[in-house]
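The values are calculated or read from the model by the stated rules, or taken from the named source; none is laboratory data. Nothing here was measured: the structure is a model prediction, and the numbers come from that model. All Cβ positions, glycine included, derive from the backbone under ideal geometry; neighbour counts span all protein chains shown. Protein only, heavy atoms only, side chains kept; ligands, DNA and RNA dropped before computing areas. Shrake-Rupley method; radii C 1.70, N 1.55, O 1.52, S 1.80 Å.
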Amino acid sequence: MPQDAYTLRRVSAELRNLLVGGKISKINMPERDELSLIIYTRSGSVKLEISCSAKNNRVSLSETEKPNPQVAPNFCMLLRKHLQNAQITDVSQVEAERIIKIDLSCISDFSDSQMSLYCEVMGKYSNIILVEKGIILGAVKQTSLEENAKRILFSGAKYTLPAPQDKADPRSYEEIMRAFENKTGDAAKFISSAIGGIAYSTALEMVETYGEDITAQQVWDYFNGEENAPCIVFDEKGEPKDFKVRSVDKGARRYEDLLSAQRDYYAAVYEKQTFEDTKRKLSSALHSAIKKIEKRLAQTDSKLFECRNAENIKLKGELITANIYRLERGMTSFNAVNYYDENAGEISIALDRQLTPAQNAQKYYRQYAKLKRTQTILSAQREETQQRYDYLNSINSSICAAECIDDLKEINDELAAEGLIKATADRKKKVAVQLPFRRYFFSGFTIIAGRNNVQNDRLLKSLSSEDIWLHARRFHSSHVGIISDGKSVPDEVILVAAQICAHYSEARDNDKVTIDFTKRRFVKKPNKSPLGFVTYNEYTSVNVTPCAHRELSDEEK
């Protein structure tokens, strides 16, 4: 539901019932455009979030823990100075505007004042403004005298409301009636464009409730009535699409109050946004490292290509030695029979005229020895670099398979340990908590799957020697285990586990994926090998179609 006047009217009413009489105990700004207030109320402590971001502007309750910056923004410090321990005396909607005003009694040992916190919920023009006696003390988004702004918003200026729109007041039945005299075309578009405080999506709900022949009386009743049915509606993928005061959507999840619906909706939005931002950050750092490895591999291959001629260089040295009796100092080249060639073909060999024949032969031998040393060193380096390349790609596979923020936590730590990203201060201080494996239950057996390389290693250690271990062939994938408890594992259980393994692999988009499976005792973890790397033998393979089998997951229960 867009934060229009219709929605904010009900939000402010519920906040008034909850917050009046409460005291502000903590003030934080986790984001530069988001304010968090911990308020002690009659019913306990609650957290009020006020956001003036362009996308998720709102005034809502929250239970989501968010990290705070080490240095508080100036506006946060201003609020701590004036509003710490302030008591909330009223919460109201300003006229029919998209503004919620929180009135506060600020009493300290040295002062007693009344202030108001204006929460302007107006899309990209959203703002949070502290006002005392009509004068602005501070704002999240300030204007300056140099800007040709329609409203002056800076400390010391008089607070004024936004300029009124040329629309009917939704609280006035007479104004709505006059607007309806010019009603034409699509009813929802007409209502949202002709009547203030009603967004198009709200107008759509009105039309779905009353039909295209909706009347002015019905619009007035809808806006000003007390009928509420708070809910969250979902899209085709089952993800929260919006929260609403009321909706005709039969698949909506209903709530007792609007604040709860709003809280859960924005918690889901924050979780999804945090997940996408974290995934993007990790992918960016990883792809940068992979590109460097690819460049190093290309350079190594180029140098190895130059070394391919080493045997030919050695042959020339040998042919000079074999034909040394024919050569004299000062010659620039000579033709020799290549006795390694079945056809006894001739080969032309260049000579340095400044060197003796023996010295020319030694020159070729030294060049050969150098190329062989280079080839040996580069081959070892390439093997090590290729192993590093495969390891980084295995991390990339884990990132691509991640489905929630928990899936990324250990990957974040893994990249930090590899020096690919900077470890955050709070992560350094926290005691490592082992996240659970993905867990499935089928036909009396438990199937577990690792979320990343760290878990893949831990999963291997957790399996007993007779448990079944699975992995995609020739692709990076999660390690999957079937806990047998000493029983024989049926083929249908192995098939389900293989489908899960295929889904959490690089080949998840393929029609068929080959999955290897074997008993745990045939899987070895070489010393000093990268995370997630194993070797195995005596395995069996099965071709399966990838499937997540979410219906079997304990996370869905």
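Quick one: 3J(HN,Hα) in Hz for region 346-358, Karplus 6.51/-1.76/1.60 with θ = phi - 60°, rounded, Gly and Pro as x.
8, 10, 8, 10, 6, 10, 8, 5, 7, 10, 6, x, 5
Within the accessible area of the chain, what % is carbon and sulfur when the probe is 1.4 Å and the other protein chains stay in place?
Taking all protein chains in place, the chain shows 49 percent carbon and sulfur surface.
Kindly sort 95, 256 by accessible area of their heavy atoms, largest first, with the probe set to 1.4 Å.
My answer, sorted largest first, is 256, 95.
What order, most packed first, do the peptides 435-444, 51-60 have when packing is the mean number of other Cβ atoms within 10 Å of each residue?
My ranking of the peptides, most packed first, is 51-60, 435-444.
Would you mind checking which residues have amide H under 5 Å from residue 157's amide H? H placed 1.01 Å from N; only 5 or more apart, or other chain.
The answer is 136.
What number results when the radius of gyration of region 314-390, computed over Cα atoms, is divided by 2.2 N^0.38 Å?
That ratio works out to 1.48.
Measuring from the lowest to the highest alpha carbon on each principal axis, how far does region 1-45 reach, largest first, in angstroms?
So the three principal-axis extents are 30, 29, 11 Å.
Taking a quarter of the surface of the convex hull around the Cα atoms of region 254-383, what do you get in nm²?
14.3 nm²
Distance between Cα centroids, region 357-396 to region 74-134: provide it in whole Å.
Result: 70 Å between the Cα centres.
With every protein chain kept in place and ligands, DNA and RNA left out, what is the accessible area per residue of region 210-342? Probe 1.4 Å, answer in Å².
On a per-residue basis, 60 Å².
Can you tell me what percent of all Cα-Cα pairs in region 184-242 are more than 17 Å apart?
42 percent
For the chain, find the longest principal axis of its Cα atoms and tell me its angle to the long axis of helix 310-322, 0 to 90°, nearest 10.
So the helix axis and the longest Cα principal axis differ by about 20 degrees.
Check each of the GluC sites (Glu not before Pro) in region 1-79 and keep only those in coil by DSSP with at most 13 other C-beta atoms within 10 angstrom; list them in order.
Listed in order of number, the matching sites are 63, 65.
May I ask for the angle, rounded to the nearest 10°, between helix 5-19 and the longest principal axis of the chain, with both axes built from Cα atoms and the value confined to 0 to 90°?
Approximately 80 degrees, to the nearest 10.
If I fit a long axis through the Cα atoms of helix 453-462 and take the longest principal axis of the Cα atoms of the chain, what angle between them do I get, 0 to 90°, rounded to 10?
Once rounded, one gets 80 degrees.
Roll a 1.4 Å probe over the protein chains and send me the accessible area per residue for region 356-412 in Å².
That works out to 51 Å² per residue.
Out of all Cα-Cα pairs in the chain, roughly what percent, to the nearest whole number, are more than 44 Å apart?
47 percent
What does the highest-first list of 459-472, 266-279 look like by mean Cβ count within 10 Å?
Listed from highest to lowest mean packing, they are 459-472, 266-279.
When only Cα pairs under 8 Å and 6 or more residues apart are kept, what is the percent relative contact order across the chain?
Across the chain, relative contact order equals 8 percent.
At q = 0.26 Å⁻¹, what log₁₀ I(q)/I(0) does region 139-192 have when each alpha carbon counts as one equal point scatterer in the Debye sum?
-1.03
Using only the Cα atoms of region 51-178, what do you get for the radius of gyration and for Dmax, in Å?
Taking only Cα atoms of region 51-178, I get Rg and Dmax of 16.4, 55 Å.
Through the Karplus equation 6.51 cos²θ - 1.76 cosθ + 1.60, θ set to phi - 60°, convert the phi angles of region 372-380 into ³J(HN,Hα) values in whole Hz; use x for Gly and Pro.
Working through the residues one at a time gives 5, 4, 4, 5, 5, 5, 5, 5, 5 Hz.
Excluding ligands, DNA and RNA, what is the solvent-accessible area per residue of region 1-149 at a probe of 1.4 Å, expressed in Å²?
Result: 47 Å² of accessible area for each residue.
Working from the pairwise distances between different alpha carbons, so that the mean of 1/r is found and then inverted, what is region 394-528's Kirkwood radius in Å?
Taking every pair of different Cα atoms in region 394-528, averaging 1/r and inverting gives 15.6 Å.
Short version: ³J(HN,Hα) in whole Hz for each residue of region 261-268, in order, from phi by Karplus 6.51 cos²θ - 1.76 cosθ + 1.60 (θ = phi - 60°), x for Gly and Pro, what are they?
In residue order, the calculated couplings are 4, 5, 4, 5, 5, 6, 5, 5 Hz.
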